[in-house]
Amino acid sequence: MLMVIFGAGASYDSCPTYPPGTPVHAKPDILNDYHRPPLANQLFANRPVFAEVIERFPECQPIVPRLRSLRGETLEAVLEDLQTKAESYPRGFRQLVAVRCYLHQVITASEMSWRGVAKGVTNYKSLLDQIERGHNINQPVCLATFNYDTLLEDALRDFDLPITSIDDYTKKHPFYRVFKLHGSINWTRDIEIQTPIENRLNTDTILRELIERAAEIRITDRYIFSGYNPVGALEGKPAFPAIAIPVDTKRSFECPAEMLEGLVELLPRVSKLLIIGWRATEAHFLTLLKTNLRRGVQLYIVAGSDQNEAEDIKVRINRALLNNPPSSSSVDPGGFTDFMLHRRAAQFLGN
C-alpha cells in the first residue's frame, strides 16, 4: 500500500509553472513575497497581506518581532517557548489564541492568491494522476498532510473526491483515504463558553471576544466542516479555527479521533512511503510510524534542493524506525516540481 506524507514544502512548490525562485512578470520577488504558500519559518513574514492580517489581531503584535527575526531558531521552537510561558501568563495565552486566528486568515489569503497564479495546474493533480495510472483498485492509498491549506482537496475534487464533510476524507472514495493531522482552514471546532456571545452575526466581533475571553473558553473535540465560511461563527454559533499552532513537541493532533484511528489502522499495510516537503520534526507522528509501520517499507524523500536538509530528514526518520527499518531510503535531488517533471515520481510509483 502507498502512503504519501505532505508537508509545507509540497504546497510551497506545488505549481510546476512557477517553481521556487521563478519570477512572475519579470518581478523576481513578487511570487514569493505576495503569493506562494509559506514555509513554516515564513508564516509571519512581512508580506503585505500578512501585515494586514497582523493589524487585525493586536494581541499578536508584541510577539511578531521575535517570530520574524528567528536568529537561528525555528518558528516552532519560538512558539513552543511562548506556549510554555503562557501557562503562567494570561496575556500570553490570549496571544496564542490570536495566533491561531491569524494563521487561519493568512493561509486562506495566500491560498487564494496562489490559485490565481497556478490557474489549476498543480503538482498535486499530476501526482494523483500518476498514482491512479498504476493503482491496484483493491488497495487503499493513504494521503497524510500537515498543511492547513486545501490545495490537496482541490486536486482530489478532479479525481472523484469532492470533500464536503469531515467523513468524506476517509469514507467517500473507493480507495483514497485522506488524513489532515494539523487541522484545516475549512474546519472549525465547537466551543463551550460560560457567558454567551451576544453578537453572533459579525465574525470579526466574535473573534475579538473569543480572544479576549480565551481563559473561559473550552474548545471541544467536535470538529465541523465549515467550507469557505469565515471562522468565528458557523450556523449561528461561535466557532474556533481548527488550526494547530506549529511547535516542536506537539502533544496532540488537530483532527477528529476517528480520523487518527483510521490512519493507525492503515499504517501496518504501508509498503511504499513517499514524503514530499515534510521535515519529519513532529515527534508525535514519528512515534506513530515507529509503533505501526512494518519492517521493509520503501522510503523516498522529496525535500527540495537543500541536500543537507534532505539528509537530515532521512536521518530523523531512520532513527525513529530503528526497530522496523525501511528496505531502502532514497533522497530526491530536487523539489516537488523536479520530482514530477523528471519522471522520478512515475519511477517510484512503478508506472
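A short reminder: the numbers here are calculations on the coordinates, not readings from a lab. A quick note: this is a predicted structure, and the numbers were derived from the prediction, not measured. So basically every Cβ, Gly included, is an ideal-geometry build from the backbone, and we count neighbours across all protein chains shown.
Using θ = phi - 60° in the Karplus curve 6.51 cos²θ - 1.76 cosθ + 1.60, the 3J(HN,Hα) couplings for the stretch 160-174 round to 6, 9, x, 9, 10, 7, 4, 4, 4, 4, 10, 10, 9, 8, x Hz; x is entered for Gly and Pro. With each label modelled as a point 7 angstrom along the Cα→C-beta vector, the S271-K85 pair spans 5.2 nm. Run down the lysines and flag those whose C-alpha is under 27 Å from the C-alpha of K172, throwing out any fewer than 8 positions away in its chain. The qualifying lysines are K119, K125, K180, K272. Across the stretch 116-226, the mean sequence separation of Cα contacts (distance under 8 Å, 6 or more residues apart), normalised by length, yields a relative contact order of 27 percent. Note on T74 and V315: the model spin-label points, each 7 Å out from Cα along the C-beta direction, lie 1.3 nm apart. Rounded, prolate or oblate: which one fits the stretch 30-118, using the alpha carbon gyration tensor with axes a ≥ b ≥ c (rounded when a/c is under 1.5, else prolate when a/b beats b/c, else oblate)? In terms of gyration-tensor shape, prolate. In straight-distance terms, cross-link reach from K171 covers every one of the aspartates and glutamates whose alpha-carbon lies under 15 Å from its own, apart from those fewer than eight places away in the same chain; here that gives E153, D160, E258, E261, E265. Between (1) 28; (2) 24; (3) 55, which matches percent of Cα pairs over 34 Å apart calculated for the structure shown? Working out percent of Cα pairs over 34 Å apart from the coordinates points to (2).
In this simple spin-label approximation, I193 and E258 carry label points 7 Å from Cα along the Cα→Cβ vector, and these lie 2.7 nm apart.
Here the relative contact order of the chain, from alpha carbon pairs under 8 Å that lie six or more residues apart, stands at 21 percent. Near the amide H of V331, within less than 5 Å, lie the amide hydrogens of I301, all on another chain or at least 5 residues away, with H placed in the peptide plane.
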